[in-house]
Every structure is written in C-alpha cells, then in structure tokens.
1. What shape does segment 1-57 take by its C-alpha gyration tensor, where a ≥ b ≥ c are the square roots of the eigenvalues and a/c under 1.5 counts as rounded, a/b above b/c as prolate, and the rest as oblate?
2. How large is ³J(HN,Hα) for each residue in segment 90-97, as worked out from phi by the Karplus curve 6.51 cos²θ - 1.76 cosθ + 1.60 (θ = phi - 60°), to whole Hz, x for Gly and Pro?
3. Treating the beta-carbon of each Lys and Arg as +1 and of each Asp and Glu as -1, no other charges, what is the dipole magnitude of segment 138-243 about its Cα centre, to the nearest 20 debye?
4. Post the alpha-carbon centroid distance, segment 99-116 to segment 1-57, in whole angstrom.
5. Please give the contour-minus-distance gain from residue 266 to residue 7: 0.36 nm per residue of separation, less the Cα-Cα distance, rounded to one decimal in nm.
6. Normalised by the number of residues in the chain, what is the relative contact order in percent for Cα pairs under 8 Å and 6+ residues apart?
7. Nearest 10 degrees, 0 to 90: what angle lies between the long axis of helix 198-224 and the longest principal axis of the chain (Cα atoms)?
8. Counting only residues 5 or more places away or on other chains, whose amide H sits under 5 Å from the amide H of residue 112 once H atoms are built in the peptide plane?
Amino acid sequence: MAGIGLIVVGLAFKIGAVPAHAWMPDVAEGGPAPAAAFLTVAPKIGGAIALARFVALVPPETIPVRPAIAALAAATMTLGNLAALWQDDVRRLIGWSSVSQSGYALMAVCVLGLAPGALPALLFFLLGYASANLAAFAVIVHLRGRTKRQDYTGIAHERPWSVLVLVIAFLSLIGIPPLVGFVGKLQLFFVTIEGGYAWLAVVALANTVASLFYYLRVIGPAYFGKPAGRPAVLGPWSGAVMLATGASVIVFGLGAGVLLTQFGSAMMLP
C-alpha cells in the first residue's frame, strides 16, 4: 500500500496534481514562455498515460486505488480553480488552470477498466488541453511576454487577432462548443458517470462553472477596457504559430468524431 501510494504521488507530481501541484503555477509564471508551455503540457500527457497504465495494472478488488484517484481528481480541480480566481498574472492564472485540468484528466484515469470509453476520453481530452494551452502561451509569446492582467485591458482594440486566439483557448479550456475542449470534457463526464462516479462528474461540472469567472477577468477588460497603446509583437513567425494553434483548437473540435473513432482503437500495451 505504501509503495502504491508513493507511485501515485510521484506521478501526480508529473501531471501537477494534488498534493504535488505547487511547481505548475511557479513554472508557468517564472520560466521562459516557450519552456513554460512545454512543461505544462508534455509532462502532463506522459504522466497521465503512465498513471492510467499503472491503475490498469492494480486489481480493483484488492487495492482501492480508483477511489483514491477520484478523491485526488476532485481536490485537484477544486484547488486549481479556486486559486486561479485570485491571480492577476495571466501566466500564473494559466498555471493554476493547468492544475485544474489535471483534475479533469484524473476523472478518466479513475474509471479506466470500469467504462469502455475511458482511454479514448483521456486521450482526446489531453489532445484538447494541449492545443488550447499551447495556443494561450503562443499569444503570450507573440505579445512579447505580456503577463500582467492589466496589460490586457483594451488590447482587443489594437491586437484583435491575438485576443481572439486567447479567447478561443480559454473557452476551450472551459469547455464551450464547438471547440475541442467541449467534446473532451463531455466525454469525461460520460465515462465518469458510466464508471459509477457520478458524484465526481457533479464536482467537475461545478468546477467548470467556477472557471468561467477567472477567464472572464481577462477576456472582459480586453474587449471593454480602454487601451493604453498599441502593444509590440514578436514578429510574423510568432503570429503564424499563434494563429495555427488557435485554428487547431477549432479544427480538432469540428473533427472530434473522426479523432474519437481513431482513439477508440487505442489500447494499453501488455
């Protein structure tokens, strides 16, 4: 039991989940923006799949690891969303949002083997999270690292495309249709309920509603605030990457049926 607990905590560190989550917002705020984008995406994908593989190996009738993962999921998404409510640094806000997204990913992990669509739901959710998170950081890089929430006041009047991509990324992280994040969360809710953890789906729904508030604290002033001047941008290449990542959030959402069909044939290696 002690060994299993330590493995779960170690993999929780990789994905930025409670109780080993503290590094995620620190890296998102303090690291170079491209490095922060990588570190909030790649370890989470690898760690979530590794944890899913581990849970699949543990016999559910002998060791209750799935209820423990469900408890971690609820604690992680709740703490991440509550902490993000008070952030005035956009990068740190994205970091705490990434913590909450880890909690959503754990929903699929805890029902692996209990719901047939758990693995495809996990893979699709991770794809949606990665595309939206990279799009948000691409906007920050394009705007030369603007990170204070006040820096985005009225910026939609001067850099409309940048703010549009940021809005698309945030709305996808919330789970608004027809973006990829909506389909990802919807699949998570379905498999969680099917796997017998309806209470966790209710907690996730409440957290999704709560996340609206801190994203709107950035989006609202960006469109309705008074601009302080035209912000400088990094260059055309960063702009192209920003637009490409923003478009991927929409394309993956519209092509969700095809992607889910492909993910449906995924399986854990023996």
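Computed from the coordinates by the stated procedures, all read-outs in this text should not be read as laboratory data. Note that this is a predicted model, so its numbers are computed, not measured. Using ideal geometry, Cβ is built from the backbone for each residue, glycine included, and neighbour counts are taken over all protein chains shown.
1. Since a/c reaches 1.5 but b/c is at least a/b, the shape of segment 1-57 is classed as oblate.
2. 5, 5, 5, 4, 5, x, 5, 4
3. Values: 9 positive and 3 negative charges, 96 e Å.
With only Lys, Arg, Asp and Glu charged at Cβ, the dipole is about 460 debye.
4. Between the Cα centre of segment 99-116 and that of segment 1-57, the gap is 14 Å.
5. Working: separation 259, 0.36 × 259 = 93.24 nm, distance 2.41 nm.
Net length gain for the segment: 90.8 nm.
6. Relative CO of the chain lands at 22 percent.
7. Approximately 10 degrees, to the nearest ten.
8. It is none; the list stays empty.
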